[in-house]
Structures are given as structure tokens and as C-alpha cells.
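Data first, discussion second: the structure below is written as C-alpha cells.
The values are calculated or read from the model by the stated rules, or taken from the named source; none is laboratory data. Fair warning: this is a prediction, and the values are worked out from it, not measured in the lab. Here the Cβ is made from the backbone with ideal geometry for all residues, glycine too, and neighbour counts use every protein chain on show. When the accessible area is computed, the model is the full protein with side chains, heavy atoms only, and any ligands, DNA or RNA have been set aside. Shrake-Rupley method; radii C 1.70, N 1.55, O 1.52, S 1.80 Å.
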Amino acid sequence: MEQNADRPALLTAAVTVWGATAYGYINTGFSIAMIVFALYFLWTRYRKEPLPRWQLDRRMLAAFAILYGALFLTTLFHLDDLKNLSGGYFSALGFIQYTFPLWMLLYVGWTRDVRKVLCGAFYVILYAFCLFGLAKYVMLGEGRLSTFYGFPTRVGMLLDMFIPFTAAFMGYYWENRRFRAASVLLLMLEVVCLLLAEVRGSMLALSVAAVIVAAIWLAQNRSRIPKKVQRGLLMAVFLFVAAAVAYAVALRWGSYSAMIGGERFMMWESSFHMWLDHPLTGIGLNEWQAAYAEGIYHPAASREAGQVMPHNVFIYFFATAGTIGGLAYIAYCGLMLSYLADTVKKYAENPFSWALLFMFIAATAHGLVDQTFILKLTGRVFYMLLGVGILFIKSGGPRSESGQRSGGL
């Protein structure tokens, strides 16, 4: 009977993972996931099951409260256009909705073991992501791989997060030889897709994450790891970064405009003036596009039409939510980094603690040149993976019973 009772939870967990990644080829993917979750929630309430007692780290909760509280507060000063609150390309309630996959997975998986179905859904989605992307790239003769999502930059931003989690799943279930082989193949496909997408921001993101995570790992294990291993790791990181930089430079070599990122410097300068004119609460979360493309902040030399954000998450928040929103995002990053760095100390043997840290650093670094955190697709995927990581850390090793380890996550 208990096994039958788990089936709705397993289905809901799988649909939630799929819904967070469904974008482009279907416009209702996450809506479907929310409907399925709502039915599951009502089912658990009908059965009078106890609500899960989440034990989440206070720094993570504080980061959420500071950032999303600040965005809601600043939006109260821009209600002349209600799209700043809800319904705009960017909005306060929209940003809050990005976090829904996290809470949905924690509700479903806190008291039930959904780890294998999360892994299975993740791998099915990623194999489809890679194989469809490669087939489309070859058959349509694409210049850059775009798979389901239309824009190569989205592929790069997603792979920044998918690659460390694929490695974590492989490490978690390492003893299963068939799964290990499937994981190695998937990692190879992801690397090929990343190279064919030609996203320089991903080279930056993965390099920064590799350096910081390697430094933290060495700091934690310096006394018990042989010097040769330490030197080998340092050399491997150096070679990876050098190769990433060389590849990024080679991609746009010969085009000065492409080398400097197109009109990014214009966007950043224009955003700086937006902040100067509206220093406390910004111009409004949904107002950047109109202000840059048509308003007084449009650079005379601009030739790139249709830009919706300044290709820098930090600058975006300062321009649209003012000093309140910009400092709130910095505080969010600091608190989350502190929480995740502490997680790898407490759960050093669990690969998902390292995957979470790597993903967060890579996504934040990529946000310096693109819209990682504020884009609906990548924002949802970030919080979905955060939920997956928390559940795998809470549950201990692959043979542990669900909920065996429930200390402050």
C-alpha cells in the first residue's frame, strides 16, 4: 500500500523536473507541472498526511527574504505600470514564481524517497536535450547549436548548471556500472553541445567555478591529500581555464565588435544613468527595455534592437530596482555562497553539495555577461536543481532511507 501511495509523489516529482525545463517547444510545460502539483497537494490533504517539516539553512531563507522582499518593496513605487508587479517580461511576482520548483520538490520529496525518479527524469531530459540539439545542428546546418530553446546562449547558461549535476549523479550512483557508462556518455554529449553552442559566457562561468571550487576543495583536504595530487589538480584547473580562454578568444577572433560583446558597454553605461536618475528604487523591473530602446537612455550609436536587459544581472537590479534591489541581490549572493560553502564542509562526501556550489558560482558568474538568474527558463532550472540537490544531500548516500539525514539544509 505504501508503495502505491508513493506513485503520485514520483509522478509529481518527474513532472516538476520536466516542467522547469520545458520551454520553447511547449508554452504550457510549467503550467502542467503546477496543475499536477496542485492535484498532488490536494490528494495529500485529503489523506490528512502531515505537512513536511522543512529544516532549511537560515542563510538561504534570509537570502530569499532580502532579495524578493526588496524587489516587492521597490515595485510598490512603480505601480503606475502593473506589469512591474505581474505580467511583464520581468516582474516582482514573476521572479518569485521562478522559485516554485524548489518548494514543489521539497514538498514532494521531503518525506518520500524520490531520488531515483528525479535522476531518471533528469537523464531523459538531458539526453533529449543533447541528441535533439545535435540532430538539429547537423540537419539544419546551424551555425551554433540551439536545441529546443532557439538561442545558443540559453544552451550555454543551462549547461553551466546541467554539467555539474550530471557529474554529481554519476558520483552518487557510481557503483552501478551501466549508469556510470550512461553518465560518461551524457557528459561527453553535454561538452560537445557546449562547444557547438559557442557561448563565451559559459567559458567564463565554468572557469570561475572550477577555480573557486578547486580552491575550496584543496583548502578542506590539504592535510590529507598527497602533494602530487594537489599539484595535479592545480595543473588540471590551469589547463582547463587556459583552454576555455583560448576557445572563447578564438570564437570571435577578427571581429572587434564581437570580441567586446557587441553593445554591452553601451547597455551598462545606459543602465548606470538609469540608476543615477533613480538611485533608490530604480526605473521599474519591467521598464529597462523601453527605457533603453526608445527612451532618453537610448545610445545614439546603438544598432542592436530588441534588447530586454543589460546582459549583467547585477547592473540590471541596480538599474531597475535601485540601490535597494542591487544591494539586496549582492546580499543574496553573499548569503547563498556562505550557505553552500558551509554545505560542502558538512557534506563533503556527497557530490551534490559540490554540484550546488559549482552551479551557483557558474550561474552567478555567467550573470555578469548575460541574464542567467533573471531569465524565466534558467531561473526555474536553477531553483529546480537547488531542490534536487537539497533532497539528495538530506537523504544521505544512495542506499540511505529517505529522510535519514535532515539536519539544517
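Ligands, DNA and RNA are left out, and with a 1.4 angstrom probe the accessible area of the chain is 46 Å² per residue. Rolling a 1.4 Å probe over the protein heavy atoms of the chain, with every protein chain left in place, gives an accessible area that is 66 percent carbon and sulfur. Label reach from PHE77 (point 7 Å along Cα→C-beta): in the range 265-300, amide nitrogens under 15 Å belong to 274-287.
Computed from backbone phi with θ = phi - 60° and the Karplus coefficients 6.51, -1.76 and 1.60, the 3J(HN,Hα) list for the range 269-286 is 5, 4, 5, 4, 6, 4, 5, 4, 7, 9, x, 8, 10, x, 9, x, 4, 9 Hz; x is used for glycine and proline.
The charge dipole of the chain, taken about its Cα centre with unit charges on the Cβ of Lys, Arg, Asp and Glu (plus for the first two, minus for the last two), comes to roughly 1640 debye. Rolling a 1.4 Å probe over the protein heavy atoms leaves THR323 with an accessible area of roughly 40 Å². Across the protein chains, with a 1.4 Å probe defining accessible surface, the residues SER338, SER270 rank SER338, SER270 from largest area downward. Under a model in which nothing but the beta-carbon of Lys, Arg (+1) and Asp, Glu (-1) is charged, the range 46-111 shows a dipole of about 360 debye around its Cα centre.
Within the full protein context, the accessible area of PHE77 is estimated at about 140 Å² for a probe radius of 1.4 Å. If you stretched the chain out fully between ARG231 and VAL245, how much longer would it get, using 0.36 nm times the residue separation minus the C-alpha to C-alpha distance? Here the answer is 2.9 nm. Using alpha-carbon positions, what is the distance between the centroids of the range 197-243 and the range 120-196, in Å? Spelled out, the Cα-based centre of one part sits 21 Å from the other. Which one, CYS193, PHE179, ALA205, projects farthest toward the positive side of the charge dipole computed for the chain from Cβ point charges (K/R +1, D/E -1)? Sorting the options by dipole projection puts first PHE179.
Of all aspartates and glutamates in the structure, those lying under 16 Å Cα to Cα from LYS116, and not within fewer than 8 positions of it along the same chain, are ASP6, GLU175, GLU401. Relative contact order for the range 8-66: 27 percent, from Cα pairs under 8 Å spaced at least 6 residues apart, divided by residue count. With bins 5 Å wide beginning at 0, the percent of Cα pairs of the range 1-151 falling in each bin runs 2, 8, 13, 15, 15, 16, 14, 9, 6, 2, 1, 0. Working from Cα pairs under 8 Å separated by at least six residues, relative contact order for the range 305-386 is 34 percent.
Not counting the cut sites, what is the longest span of the chain without GluC sites (Glu not before Pro) that DSSP labels loop and that have at most 12 other Cβ atoms within 10 Å?
1-174
The mean sequence separation of alpha-carbon pairs under 8 Å and at least six residues apart, normalised by the residue count of the chain, gives a relative contact order of 25 percent. Annotation: for a label point projected 7 angstrom from Cα along Cα→Cβ of SER338, residues of the range 45-74 with backbone N closer than 11 Å are 58-60, 62-63. With contributions of -39500 (n - 2.57) from each DSSP H run of at least four residues, the per-residue ellipticity at 222 nm computed over the chain stands at -23000 deg cm²/dmol.
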